[in-house]
Amino acid sequence: MLTARIIPCLDVRDGRVVKGIRFSSLRDAGDPAKLAAAYEAQGADELVLLDVSATPEGRSTQLECVRQVRARLSIPLTVGGGVRRVEDAGQLLSAGADKIAVNTAAVRQPGLLTQIAERFGSQCTVLALDAARGQIGYEVVVRSGTQRVPLDAIEWAATAARLGAGEILLTSWDRDGTRSGYDLSLLQAVSKAVNVPVIASGGAAKPEDLLLALRAGANAVLAASIFHYAEFSVGQLKEFLSQGKVEVRPC
């Protein structure tokens, strides 16, 4: 197994970090730049910043927010939300992002993943895959959870990897913000279907959840609430994972 990564997530709306359940009942969790700096100091391996209102509002990610976070951050930064064109990706990279996450636009125009990968490299092309249980299997969810698409999530993950996505940011829509643990069945299925790294997202509440996700096939684990409300530090989680025989980078 590759060295496991721990990735705090900043869901941003109107320049503030927010957290809720499935992007609703959002509570303010702080300033993005300050939180980013704090998580890096704790030993975070990477950071994800998602503008959760960009797509529903029909706008691009707020570049100034990305610049402010990058000014306080030296670890890799993935940014998503409102990316519709290759030019959007380029602007985010110029603002300080290292990787670009695409969800809704990639579903509507799968070739966008190839365009971004060909222009900037697969290493910075991330499929943000939100998946929810359907009548049969898992369905893809887009537009910040407001719309389900009759597209099999497992098959879409495999297709996206073939199109050029170098990483899958896999969020269980059913578990997001519920603190009920990652959806291990979904995680196992996607991990087996692709040959690129998979980041587990949605449902983390305790150290054991991260360990189970990594054992289920994740290469990295993403969390938000447990960090924002100071329930666990990155260092504490790395210590727990190390005791569970998972290789992690030192803080």
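Taken together, the values in this text are just the output of simple stated rules run on the coordinates, not laboratory data. What you see is a predicted model; the values in this text were computed from it and never measured. Every residue, glycine as well, gets a Cβ built from its backbone with ideal geometry; the counts of neighbours run over all protein chains shown.
Inside the stretch 103-217, counting only strands (runs of 3 or more DSSP E) that do not spill past its ends, which hold 1 or more residues that are farther than 30 Å from Ser242 by Cβ and hydroxyl-bearing (Ser, Thr, Tyr)? Before the answer, list the steps.
On the way: elements: 125-133, 138-142, 147-152, 167-172, 198-201.
The qualifying strands (runs of 3 or more DSSP E) are 125-133, 138-142.
Quick one: would you say Gln91 is within 26 Å of Ala158 (Cα to Cα) and either in a helix (DSSP H, G or I) or out of contact with any strand residue (DSSP E or B) (no Cβ under 7 Å at 6 or more places or on another chain) (or both)?
Judged against the criteria, Gln91 is not a match.
Working carefully through the options Val221, Val198, find the one that is touching a strand residue (DSSP E or B) at 6+ places or on another chain (Cβ under 8 Å) and closer than 18 Å to Gln42 by Cβ.
Every option except Val221 fails the conditions.
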TODO: List every residue pair whose Cβ atoms sit under 6 Å apart, with the two residues 6 or more apart in sequence or on different chains, where the first one lies in the stretch 71-98 and is free of Cβ contacts under 8 Å to residues at least 12 places away in the same chain and the second, anywhere, is in a loop (DSSP other than H, G, I, E, B) and not aliphatic (A, V, I, L, M).
DONE: none
Open item on the list: Residue pairs, Cβ under 6 Å, 6 or more apart or interchain, first in the stretch 186-197 and within 19 Å of Trp173 (Cα to Cα), second assigned to a loop (DSSP other than H, G, I, E, B) and not charged (D, E, K, R). List them.
Closed with: Leu187/Ala216; Leu187/Gly217; Leu187/Ala218; Gln188/Ala216; Gln188/Gly217; Ser191/Gly217
TODO: Please tell me if Gly164 is in contact (Cβ under 8 Å) with a residue 24 or more places away in the chain, more than 19 Å from Leu187 (Cα to Cα) and in contact with a strand residue (DSSP E or B) (Cβ under 7 Å, 6 or more places away or on another chain).
DONE: yes
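Can you name every residue in the stretch 232-251 that is outside any loop (DSSP other than H, G, I, E, B) and among the basic types (Lys, Arg)? Let's see the steps before the verdict.
Filtering the stretch 232-251 down to residues outside any loop (DSSP other than H, G, I, E, B) leaves 234-243, 248.
Residue satisfying the conditions is Lys238 alone.
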- [ ] Search the stretch 165-186 for residues being farther than 17 Å from Gly81 by Cα and out of contact with any Asp or Glu (no Cβ under 7 Å at 6 or more places or on another chain), and hand back the single one that is surrounded by the fewest Cβ atoms within 10 Å (Cβ to Cβ).
- [x] Ser185
